[in-house]
Amino acid sequence: MTSAPEPSEAEPSGAGPSETGTHPPGAPDADPADAMPGRVGESEHRGAPSRRALAAVVVILIIMVIASWVGDALGPGLVDTRPLLLIALNSRIRWLVLTVNDLNPVAYFTVGTLRALASDPLFYLLGYWYGDSAVRWMEQRTVTVGQLMRSLERSFGTWGYPLVAIAPNNPICLLAGAARMRPAVFMTLNVGGTIARLALIKLLGEAFEAPINWVLDVIRTYRLQLIVISVLAVAFSVWNETRKGTSEIEQLRHLEQDVGGDGDSGETGRATPGEP
């Protein structure tokens, strides 16, 4: 006489979410702790995007990388002649400090905020989509980034919220996504912290107007020489990173292969050699 099948045979625990990516009828919602920082994502992909969506993110990030290179290379020529264009290309603190006194406050806060925030939600999405795989990808970019990521992972559970508000760089935004920080919380902290940082730079610009003007006078005096030096420095940096295989563009081009993206096919989604 055949015995009735055990419940575990009829319906294996966790089969629904792990195979389909959705909750079966009547299943409880995701663990609320997933919305809190500090719980870095599991190694499997969680709602991985289509290849088209991932390609769009990668293309936008590559454009921003190139824009930053152009801003750094031509910064001495733009800092006092086209300051708004400069911070639209590159929102590094040095350029924000040197241009803040020459810009209309509305233009400064609008363009500065948008440029500073531009890459943050994209890295958040990469972490949200790929979880631990994205964290490992970020760790492997360079030795310095790897050390930073491992340090941040250990402290993100305690300091995740203030880190996103105070220093939302690419690794921190990716960790926020991997930890499943709620999108509304992430954007509130990110936008609020960015505006506060720009306001602080504005105050510093007013307080140190004389030294800033002195630096700008030096740039005007030696503009051509500084442009040549900047262009050569950026070109060497890009060449050296490309030679070592640590170029940001090269890493972004192979991001799907490195994290084993699912894409649309449901397979591993690894790109063929040379495929972005």
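The values are calculated or read from the model by the stated rules, or taken from the named source; none is laboratory data. Keep in mind that what you see is a predicted model, and the values were worked out from it rather than measured. FYI the Cβ positions are ideal-geometry reconstructions off the backbone, even for glycines, and counts take in every protein chain you see. We work out accessible area using only protein heavy atoms, side chains counted, and drop any ligands, DNA or RNA first. Shrake-Rupley method; radii C 1.70, N 1.55, O 1.52, S 1.80 Å.
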- Query: What is the residue count in region 151-160 for residues that are open to solvent by 30 Å² or more (accessible area, probe 1.4 Å) and under 16 Å from the mean Cα position of the chain (by Cα)?
  - Reply: 1
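Regarding region 197-204, can at least one residue be identified that is in a helix (DSSP H, G or I), farther than 30 Å from LEU126 by Cα, open to solvent by 70 Å² or more (accessible area, probe 1.4 Å) and not aromatic (Phe, Trp, Tyr)?
Of all residues in region 197-204, those in a helix (DSSP H, G or I) come to 197-204.
Remaining after also requiring farther than 30 Å from LEU126 by Cα: 202-204.
Okay, now just the ones that are also open to solvent by 70 Å² or more (accessible area, probe 1.4 Å), so 203-204.
Next, from what is left, pick out any that are not aromatic (Phe, Trp, Tyr): 203-204.
Taking every residue of region 197-204 in turn, at least one turns out to be in a helix (DSSP H, G or I), farther than 30 Å from LEU126 by Cα, open to solvent by 70 Å² or more (accessible area, probe 1.4 Å) and not aromatic (Phe, Trp, Tyr).
Out of VAL97, VAL58, which single residue is part of a helix (DSSP H, G or I) and in contact with a Pro (Cβ under 9 Å, 6 or more places away or on another chain)?
Details: VAL97 fails: in contact with a Pro (Cβ under 9 Å, 6 or more places away or on another chain).
Result: VAL58 is the single residue among VAL97, VAL58 that is part of a helix (DSSP H, G or I) and in contact with a Pro (Cβ under 9 Å, 6 or more places away or on another chain).
Hey, among LEU216, LEU148, which residue is under 19 Å from ILE93 (Cβ atoms), open to solvent by less than 10 Å² (accessible area, probe 1.4 Å) and of a type in the set (A, V, I, L, M, F, W, C)? Give the derivation first.
Working: LEU148 fails: open to solvent by less than 10 Å² (accessible area, probe 1.4 Å).
Going through LEU216, LEU148 in turn, just one is under 19 Å from ILE93 (Cβ atoms), open to solvent by less than 10 Å² (accessible area, probe 1.4 Å) and of a type in the set (A, V, I, L, M, F, W, C): LEU216.
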- region 86-136, subset closer than 30 Å to LEU54 by Cβ and open to solvent by 40 Å² or more (accessible area, probe 1.4 Å), residue modelled with the lowest pLDDT: ARG136
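Assess whether PRO171 counts as being loosely packed, with under 13 Cβ neighbours inside 10 Å and in a helix (DSSP H, G or I).
Values: loosely packed, with under 13 Cβ neighbours inside 10 Å: no; in a helix (DSSP H, G or I): yes.
So PRO171 does not fit the description; no.
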- Message: Filter region 69-85 down to the residues that are of a type in the set (Val, Ile, Thr) and surrounded by 19 or more Cβ atoms within 10 Å (Cβ to Cβ) and list them by number.
- Response: VAL79
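Out of region 101-114, which residues are touching a Leu at 6+ places or on another chain (Cβ under 8 Å) and part of a helix (DSSP H, G or I)? Please lay out each step first, then the result.
Going through region 101-114, the residues touching a Leu at 6+ places or on another chain (Cβ under 8 Å) turn out to be 103, 107-109, 111-113.
ALA107, TYR108, PHE109, VAL111, GLY112, THR113, listed by residue number.
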- ARG180 vs (1) surrounded by 18 or more Cβ atoms within 10 Å (Cβ to Cβ); (2) at negative phi; (3) touching a helix residue (DSSP H, G or I) at 6+ places or on another chain (Cβ under 6 Å): all pass except (2)
- Item | Flag if SER230 is of a type outside the set (Lys, Arg), modelled with pLDDT of 95 or more, within 30 Å of VAL57 (Cβ to Cβ) and surrounded by 13 or more Cβ atoms within 10 Å (Cβ to Cβ) | yes
